[in-house]
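Before any comments, here is the structure.
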Amino acid sequence: MHRTALRTPGPPRLERLTTGHSVWLVTCHADVRQVLTDPRIGRSSLLAPDAPPLPEVAIAREDPQALIHLDGAEHRRLRQTAQRSFTPRAIARWRPWIASVVEELLDEMARRRPPVDLIAGYARPLPALVISRLMGLEGQDHAEMYRWSGMAFSYGTSTPEEARDALVAFHSFLARLFATRRRHPGDDLISGLIAAADESPDVSESQLVSLARTLVVAGLETTQSALGNGLLYLLDEAPEAWQRLAEQDEDKAEPLVENLLRFVPRADVVEGAGLQRRATAEVEIGGVTVAAGDVLVADVMAAGTDPEVYPPDLRASTDGLFSPLPAPSLAFGAGPHHCMGAWTARMTMQLALHRLAHRWPGLSLAGPVEEIEWRRGGLTRSPLRLEVTW
């Protein structure tokens with residue numbers, strides 16, 4: 001099978017880890033949403049001395065003061081500081097920047113003779129160039145950024161020492177960048193974070209740098225994999241939708257992207273995979289009583305296929321793929337820890353898919369889908385290469 005299978009949505013169930021500990025695996029849409037929004041369930045207690053060891057990626061273990069580990073008032077203070085740089089007005093202002101990066105890559109593709117690798121020439125460089133432009137990192141070595149990102153989100157494919165060294169190197173790089181932007185502010189995300197933090201004295205410089213690092217590595221990882229997997233799905237399983245996308249106005253890409261994010265798998269189903277949380281009080285979820293101290297794993301991809309919320313025929317036809325979702329997707333989480341870069345990732349995918357389809361409505365895979373090699377060992381799974389012709 002060329003795409004990984006998803007867990008089947010169902011009641012919360014215990015999953016025993018190889019460590020000998022058990023976690024509650026939560027897969028239904030309503031239950032996943034409750035896990036992510038209920039104030040009795042959070043992230044910070046996962047780092048408590050009595051918390052069980054979990055198979056988490058390196059960046060999730062490395063910094064206990066990072067935004068992803070904080071709950072309550074401390075989390076709100078840091079998030080509100082950063083959120084000022086992600087207002088609808090700020091994001092709308094970035095659209096021309098993102099569009100210009102997309103067009104530059106398409107122009108470069110047009111100068112080549114097919115077959116062309118869509119991953120190396122499009123899906124992989126696009127998020128790095130977008131992040132570079134937003135953060136004022138033009139000229140940065142993108143290979144180094146991807147190496148840092150791969151280490152940060154590795155699942156056992158690098159040693160703890162290698163992952164730690166990569167994270168420290170990236171932190172040091174960003175700390176120097178913050179110092180430069182303090183002396184010479186510009187019209188970029190780093191300068192915006194600094195200006196917002198200056199109005200919030202309780203936010204430390206180290207927390208800001210850690211936040212910027214998380215935004216970069218998460219943006220690289222998730223956008224690349226979502227775009228690569230979405231392209232493969234459309235070209236292999238929904239060519240009629242690709243043709244329709246080429247003929248539609250740009251705004252029609254929005255529901256298509258929401259549907260792709262909802263049900264196209266972006267990761268292998270591995271032990272403990274999902275958004276990890278821990279109950280701080282007894283709570284009932286999906287008819288099951290979860291005790292204080294129990295760990296929960298919320299599977300947002302399984303929730304995206306819950307037939308109680310998303311009828312299967314939504315993905316069975318071209319019309320369904322372009323239909324608005326009956327309920328918001330949980331692809332970027334929900335609640336206090338909802339991904340701040342979600343709208344930037346969505347905008348990037350909308351522009352990337354629509355403009356590629358508009359240029360080459362006859363785009364097709366250049367080889368058998370069964371021969372595609374996959375990038376594994378990280379937070380996400382996506383094609384290593386995707387040869388196309390037109």
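The values are calculated or read from the model by the stated rules, or taken from the named source; none is laboratory data. All values derive from a computational prediction rather than experimental measurement. Every residue, glycine as well, gets a Cβ built from its backbone with ideal geometry; the counts of neighbours run over all protein chains shown. Each accessible area value is taken on the protein alone, full model and side chains, heavy atoms only, with ligands, DNA and RNA left out. Shrake-Rupley method; radii C 1.70, N 1.55, O 1.52, S 1.80 Å.
What the table below lists for this structure:
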| quantity | calculated |
| --- | --- |
| Net charge dipole size for the chain [Lys, Arg +1 and Asp, Glu -1 on Cβ; Debye, nearest 20] | 580 |
| Rg/Rh for the chain, where both radii come from Cα atoms and Rh is the Kirkwood radius | 0.95 |
| Fluctuation leader among A267, A99, A352 - the chain, Gaussian network, Cα springs under 10 angstrom | A99 |
| 3J(HN,Hα) from dihedral phi, the range 276-283, Karplus parametrisation 6.51/-1.76/1.60, rounded to Hz, x for glycine, proline | 8, 9, 9, 6, 9, 8, 5, 8 |
| Signed unit charges on C-beta, dipole axis of the chain, positive-most listed residue T18, S200, C339 | S200 |
| Helix-only [θ]222 nm of the chain, DSSP H runs n ≥ 4, -39500 (n - 2.57) each, per residue, nearest 500 | -15000 deg cm²/dmol |
| Choice from A246, A195, A110 with maximal GNM fluctuation in the chain (Cα, 10 Å cutoff) | A110 |
| Residue-by-residue Karplus 3J(HN,Hα) for the range 288-294, coefficients 6.51, -1.76, 1.60, Hz, glycine and proline x | 10, 8, 9, 7, 4, x, 6 |
| Full-extension gain in nm, H358 to R183, via 0.36 nm per residue minus C-alpha separation | 58.7 nm |
| Long-range amide H partners of D188 with built H, under 5 Å | none |
| Length gained when the stretch A90-A281 is fully extended (0.36 nm per residue, less Cα-Cα span) | 65.0 nm |
| Karplus-derived 3J(HN,Hα), 6.51/-1.76/1.60, for each residue of the range 333-345, Hz, glycine and proline x | x, 6, x, x, 9, 4, 4, 5, x, 4, 6, 5, 5 |
| Mean-position separation - Cα centroids, the range 205-224 and the range 96-122, in angstrom | 25 |
| Per residue solvent-accessible surface (Å²) - the range 174-233, probe of 1.4 Å | 34 |
| Built amide H within the under 5 Å cut-off of V290, gap 5+ | V283, E284, I285 |
| Under 5 Å, built H, 5+ apart or other chain: amide partners of S22 | L17 |
| Over the range 170-221, relative contact order from alpha-carbon pairs under 8 Å, at least 6 apart, % | 44 |
| Label-to-label distance, nm, for residues given as Q83 and V168 (7 Å Cα→Cβ offset) | 3.5 |
| The range 162-255 - charge dipole about Cα centre, Lys and Arg +1 at Cβ, Asp and Glu -1, debye rounded to 20 | 640 |
| Within a Gaussian network of the chain (alpha carbon springs, distance under 10 Å), most fluctuating of L232, L177, L351 | L177 |
